[in-house]
Amino acid sequence: MILSILLSFLLLASGPENPRQADSVRRARLSELFYADDKEGFLAVNRELIRYHDMHGNDKYLFNAYATLLDRLQVWGRNDEAMAVLQEMSQKAQERGSELGQAVTEFCFGQFYLANRQPREAEGHYRKAFTQLQALGENGRALRAGFNLQAVSMNLNSPEGGLAINDSTQLLLLRMEEKLGKLDYSSRFKQARYRFVLLQRLDRLKEAEAMQDTMLHYAAIINDPSQEELAQTAIIQFEQLTGKKASAYERLDSLIARNRRNGNWVKVAQFRLALADYQRENGDLALAVDSYRAYAAESDSAGLYRTNEQLNTLAKQYELKELEMENAAARQRISALSIILILLLVLTLAAFTYARSLKRKNKALYLASMENIHAEEKAEEEIVEHMDQQSSPEAMLYASFLALMKEEELFKDPELSREALCARLGTNRTYLADAVKQCTGLTIGGFINHLRLRWAAEALSSSNDISVQAVGEDAGFASRSTFSRLFQEHYGMSPSAYRSAAVA
């Protein structure tokens with residue numbers, strides 16, 4: 001360390017008077033000490049750089065050197081020293097009346113409070129820095145302040161304010177790129193990532209989904225593994241929010257595997273904990289238990305106690321949920337059985353009611369049909385008895401036809417032909433068809449089937465000894481299906497129902 005200080009004095013004494021060149025030389029030395037992990041040497045050289053720029057009166061380089069010193073002290077956890085540097089910066093800015101010094105100090109105060117998880121205190125300092133740095137043309141640091149403001153707004157659950165800042169950083173970035181004459185892909189990636197997350201928080205999911213592609217586009221261009229991890233983390237949050245939990249789990253598993261290969265156990269534990277928390281949130285308690293156990297194994301001992309508490313709590317939740325699920329399943333089975341029994345009872349009652357109603361209806365149809373049959377038979381008997389008194393040839397022919405059917409029951413012959421009938425009656429088909437049509441309104445075939453159905457109805461109502469099929473065949477129907485169809489059409493019920501109605 002002493003050698004580093006001596007070298008610093010020699011370089012400052014013999015180095016170029018141009019502050020920019022001196023700053024470059026000293027920062028190169030700081031980089032060497034940083035990578036050599038020489039913390040004390042780094043701090044000593046950084047202090048000498050502050051003294052050099054303080055002596056030469058260059059505010060930009062002076063307060064940049066202060067900011068570098070503060071950043072390293074915070075990273076190394078030396079917060080008391082960091083606070084002392086902040087107070088020194090603030091005092092120096094006031095002594096010099098430096099607007100730039102005051103703006104950088106505000107920015108560093110924001111950094112300090114954000115690192116110490118005090119986002120409310122950080123917000124006010126970042127807002128001042130964001131405005132002051134832009135006014136001074138310090139757009140690079142102003143952009144950083146704007147990005148950090150967006151992070152703070154998410155910590156404070158104020159995505160509306162964060163999105164407003166995002167709009168401002170978008171304009172600032174465009175001005176910077178116009179001045180530089182090239183695109184700043186790294187800043188574009190940060191801009192897109194913050195907007196993607198803020199839109200999620202505002203539940204503007206379609207806009208967020210569109211921004212996801214933009215973010216991934218810039219992530220691919222900059223090709224930085226650490227930034228790509230940030231993009232994946234943001235996508236995981238989006239997938240968890242939109243119910244794509246399987247994809248979110250898969251991405252987290254991939255990040256865990258990558259960091260395990262790289263030996264980065266801090267990140268392995270970080271992503272494992274995120275996976276466990278998501279699984280618990282989604283109700284996948286068995287998976288969450290396994291993930292918390294893995295996190296306990298991957299985490300340091302300092303976090304083990306909290307992890308064990310989580311495991312105990314989660315295990316109880318898991319057991320309770322399993323018990324609840326079993327009880328719910330049992331309740332569902334009982335409910336289902338009850339519903340089935342009720343449905344069966346309702347169906348049985350409905351069937352019974354329908355059967356009674358149908359029985360009454362069929363009985364009424366049967367009685368009406370028998371009354372009609374008796375009336376028809378009586379009318380036909382009168383026609384046959386008084387056929388000699390009929391005046392028209394058609395009526396006389398019909399009476400002869402009817403007498404033949406009733407006396408010899410020719411309708412029972414399924415192969416009865418019109419020609420045979422006409423020969424027995426001494427006429428032709430045309431005269432016979434006209435006579436039947438005029439007196440009954442039916443064709444010859446229709447009237448023959450009418451007689452068959454009437455005979456079958458009487459047979460069904462008078463005897464149960466002969467089957468329904470045999471009744472149909474005896475009545476003259478060659479086909480059982482034809483008999484059943486015509487009987488249903490004529491009497492409004494099947495032959496079997498007709499027989500049941502007759503004996504009811």
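Just want the answer: with Cβ charges of +1 for Lys and Arg and -1 for Asp and Glu, which residue in His217, Gln237, Leu199 is farthest toward the dipole's positive end in the stretch 183-242?
The residue sitting most towards the positive pole is Leu199.
Where Lys and Arg each count +1 and Asp and Glu each count -1, what net charge lies around Phe483 among other residues with Cβ under 12 Å from its Cβ?
Overall, the nearby charge balance is 0.
Helix 429-440 sits at what angle to the longest principal axis of the chain, using alpha carbons and giving 0 to 90 degrees rounded to 10?
80
For Lys92, give me every one of the lysines with a C-alpha distance below 25 angstrom, ignoring sequence neighbours fewer than eight places off in its own chain.
Hits, sequence-local ones excluded: Lys39, Lys60, Lys128.
Which FRET efficiency value, to the nearest 0.05, do you get for Glu209 and Arg360 by plugging their Cβ-Cβ distance into 1/(1 + (r/R0)^6) with R0 = 56 Å? Each step should come with its number before you reach the end.
Numbers: r = 66 Å, r/R0 = 1.19.
Computed FRET efficiency for Glu209 and Arg360: 0.25.
Could you estimate the translational diffusion coefficient of the stretch 183-242 from the Stokes-Einstein equation, with Rh from the Kirkwood formula over C-alpha pairs, at 4 °C and 1.567 mPa s, in whole µm²/s?
So the translational diffusion coefficient is about 116 µm²/s.
May I ask for the angle, rounded to the nearest 10°, between helix 265-281 and the longest principal axis of the chain, with both axes built from Cα atoms and the value confined to 0 to 90°?
It works out to around 30 degrees.
Count the net charge of all other residues whose Cβ sits under 11 Å from the Cβ of Lys92, scoring Lys and Arg as +1 and Asp and Glu as -1.
Combined, the nearby Lys, Arg, Asp and Glu give -3.
Could you tell me whether the stretch 361-417 comes out rounded, prolate or oblate from its Cα gyration tensor? Rule is a ≥ b ≥ c as square roots of the eigenvalues, rounded for a/c under 1.5, then prolate if a/b exceeds b/c, otherwise oblate.
oblate
Over the Cα atoms of the stretch 231-282, Rg to Rh with Kirkwood Rh, two decimal places? Write down the numbers at each step before the final one.
Details: Rg = 10.5 Å, Rh = 10.9 Å.
Rounded to two decimals, Rg/Rh equals 0.97.
Once the other residues with Cβ under 13 Å from the Cβ of Pro414 are scored (Lys, Arg +1; Asp, Glu -1), what is the net sum?
Numbers: positive: Lys412, Arg452, Arg480; negative: Glu409, Asp413, Glu415, Glu473, Asp474.
Its environment carries a net charge of -2.
Take the stretch 386-503, drop everything but the C-alpha atoms, weight them equally and run the Debye formula without solvent; then report log10 I(q)/I(0) at 0.09, 0.12, 0.18, 0.22 Å⁻¹ to two decimals.
For the requested q values the scattering log ratios are -0.27, -0.47, -0.91, -1.16.
DSSP loop chymotrypsin sites (Phe, Trp or Tyr not before Pro) in the stretch 27-92 with at most 14 other Cβ atoms within 10 Å of their Cβ, which ones?
For chymotrypsin sites (Phe, Trp or Tyr not before Pro) across the stretch 27-92 that sit outside H, G, I, E and B with at most 14 neighbouring Cβ atoms in 10 Å, the list reads Trp76.
Could you run the Karplus curve 6.51 cos²θ - 1.76 cosθ + 1.60 with θ = phi - 60° over the stretch 75-85 and give me ³J(HN,Hα) per residue in whole Hz, x for Gly and Pro?
Rounded to whole hertz, the list is 4, 7, x, 9, 5, 4, 5, 4, 5, 5, 5.
Compute the long axis of helix 304-385 from its Cα atoms, compare it with the longest principal axis of the Cα atoms of the chain, and write down the angle in degrees, 0 to 90, nearest 10.
20
If the chain between Asp253 and Ser186 were fully stretched, how many nm would it gain, using 0.36 nm times the residue separation less the Cα-Cα distance?
That pair, Asp253 and Ser186, stretches by 21.5 nm at full extension.
Loop sites only, by DSSP: take the trypsin sites (Lys or Arg not before Pro) in the chain that have at most 16 other C-beta atoms within 10 Å and name the longest stretch containing none of them.
Segment 245-504 is the longest.
Could you tell me the ratio Rg/Rh of the stretch 116-223? Both radii from Cα atoms, Rh via Kirkwood.
Working: Rg = 13.8 Å, Rh = 14.2 Å.
My calculation of the ratio gives 0.97.
Ignoring everything except DSSP H segments at least 4 long, calculate the 222 nm mean residue ellipticity for the chain; use -39,500 (n - 2.57) per segment, divide by total residues, nearest 500.
-28500 deg cm²/dmol
What area, in nm² and to one decimal, does the C-alpha convex hull of the chain cast on average over all directions?
So the mean shadow area of the Cα hull is 46.8 nm².
So which lysines can Lys437 reach, going by Cα to Cα under 27 Å and dropping same-chain residues fewer than 8 places off?
Lys378, Lys406, Lys412
No value in this document is a laboratory result; all are computed from the given coordinates. Keep in mind that this is a model prediction, so the values were computed, not measured. Cβ: placed from backbone, ideal geometry, glycine included. Neighbour counts: every protein chain shown.
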